[in-house]
Amino acid sequence: MPHPSYRCPNCHAQLPDANQATLACSHCQERYVILHGIPQFIARRFLDPFKQTEQHFHDELSCAATAAGVAARDSTFHLHFKQPMMNLSPGSTVLEVAGGTRADGIEIALAGQFVTMLDLAPQAVERARQLAQDAGVRERMRFCVADSEHLPFADRSFDATFVAASFHHFPNQLAALQEMKRVTKPGGYVIWGVEPAAWPYTTVFKILGPLKRFIRRRRIRAFNSIADDTTSGFTKSQIKELFNRAGLQVQTIKPVKFLTEFYDSCVRMLGKLARRNFVPIASIDHHLSKVDALLERLPLVTKLYWHWNVISRVPRA
């Protein structure tokens, strides 16, 4: 089996093969069910009210995920943080944490790697598995439901571990980053993609607050993300401190998304106002990404980036 074996997320003891209805840990006696062929590695005590709300929100969100919508999010700025993993030797093992229904893990599997994708939301994981089947990479991908703070794998299991556009949804971010480091081999990558910068939260988003409240009153949705409502984004110094505390060696901290973010946000906002699922046009997005690559060289403009990509490695010693 090319994928690393599952371990109990509670005590890290070896679990039996996932070919039965329940996985029982012989060491701590914790039991994990398998639903629709997907192991559910979340003990009830792991789920506080914050995580339960995020779980329900992303389950609900996944129902609207389409193949076209997923592909539209997979742009040039995604390629930047995925490229190190796509360039690994074919057959390398990659873990995608909190993958939701995005295309990042699928693209890495298409490059020849074996990808394990996990998320806190069971329905999102099921939808992601179907998208992988549609993309023809189901045999290279494995899926499970798990908490980022309690990963169901042994130490040093993967050649690379990454999270994209989800890290700000973690209530204990340092613990999650330390877990990602724990399950990654020495010298392996721990990568952080498309996480929000801090400045929009003190400027643009405050101005757009009334519009956001208007949209929410009109839409039919049972849950909203607590993380999206409470995050304040990240500064470069905060990122350096976080990765340093986790014991990771940062190689690149790259600001990404300038005009592309304005375009993507306008498309999403129009869709919400019209109560329709609008997605960005890929060709426009890719052209704007090329312009962004030029804007990144201008000192004043780089103060107005919207997101960060971070590439780090686990120390060898």
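A few points about this structure:
- DSSP beta bridges fully contained in the chain are about 50 percent antiparallel.
- Cysteines in the chain lacking any other cysteine Cβ under 4.7 Å from their own Cβ: Cys63, Cys144, Cys266.
- Leading residue at positive end of dipole, the chain (Cβ point charges), from His150, Leu15, Phe77: Phe77
- Only aspartates and glutamates eight or more places from Lys236 in sequence, or on another chain, were considered; those with a Cα closer than 20 Å are Glu195, Asp228, Glu261, Asp292, Glu296.
- Here the gap between Thr235 and Ala317, fully extended at 0.36 nm per residue and compared with their Cα-Cα distance, gives a gain of 26.7 nm.
- Extension gain from Gln249 to Asn172, taking 0.36 nm per residue of separation minus the Cα-Cα distance: 25.7 nm
- Estimated FRET transfer efficiency (Ala282, Trp199; beta-carbon r; R0 25 Å; 0.05): 0.35
- Longest DSSP-loop-exposure-free segment, trypsin sites (Lys or Arg not before Pro), the chain, at most 16 other Cβ within 10 Å: 1-155
- Length-normalised contact order for the stretch 47-313 - Cα pairs under 8 Å, 6+ apart - percent: 21
- Over the chain, dividing the summed -39,500 (n - 2.57) contributions of all DSSP H runs of at least 4 residues by the number of residues returns a 222 nm mean residue ellipticity of -11500 deg cm²/dmol.
- Listed residues Ile207, Ser5, Thr53: farthest to the positive end of the dipole of the chain (Cβ charges): Ile207
- Additional length obtainable on full extension of the chain from Leu79 to Asp228, 0.36 nm per residue less Cα span: 51.2 nm
- Axial C-alpha extent at least 18 Å, average Kyte-Doolittle at least 0.0 - helices from the chain (DSSP): 259-274, 282-295
- Cβ-Cβ FRET estimate between Arg138 and Val33, R0 fixed at 25 Å, reported to 0.05: 0.70
- For Arg44 and Arg268, a Förster radius of 45 Å and the Cβ-Cβ distance give a FRET efficiency of 0.85, rounded to the nearest 0.05.
- Tensor-based shape of the stretch 47-313 (alpha-carbon gyration tensor, a/c under 1.5 rounded, otherwise prolate or oblate): rounded
- Computed magnitude of the charge dipole of the stretch 47-313 (debye, nearest 20; Cβ of K, R +1, Cβ of D, E -1): 720
- Shape class of the stretch 111-155 from the alpha-carbon gyration tensor: oblate, with a/c at 1.5 or above and b/c at least as large as a/b.
Each reported figure results from applying straightforward, stated rules to the coordinates on display, with no laboratory input. A quick note: this is a predicted structure, and the numbers were derived from the prediction, not measured. For neighbour counting, all protein chains shown are included, and Cβ atoms are generated from backbone atoms with ideal geometry for every residue, glycine included.
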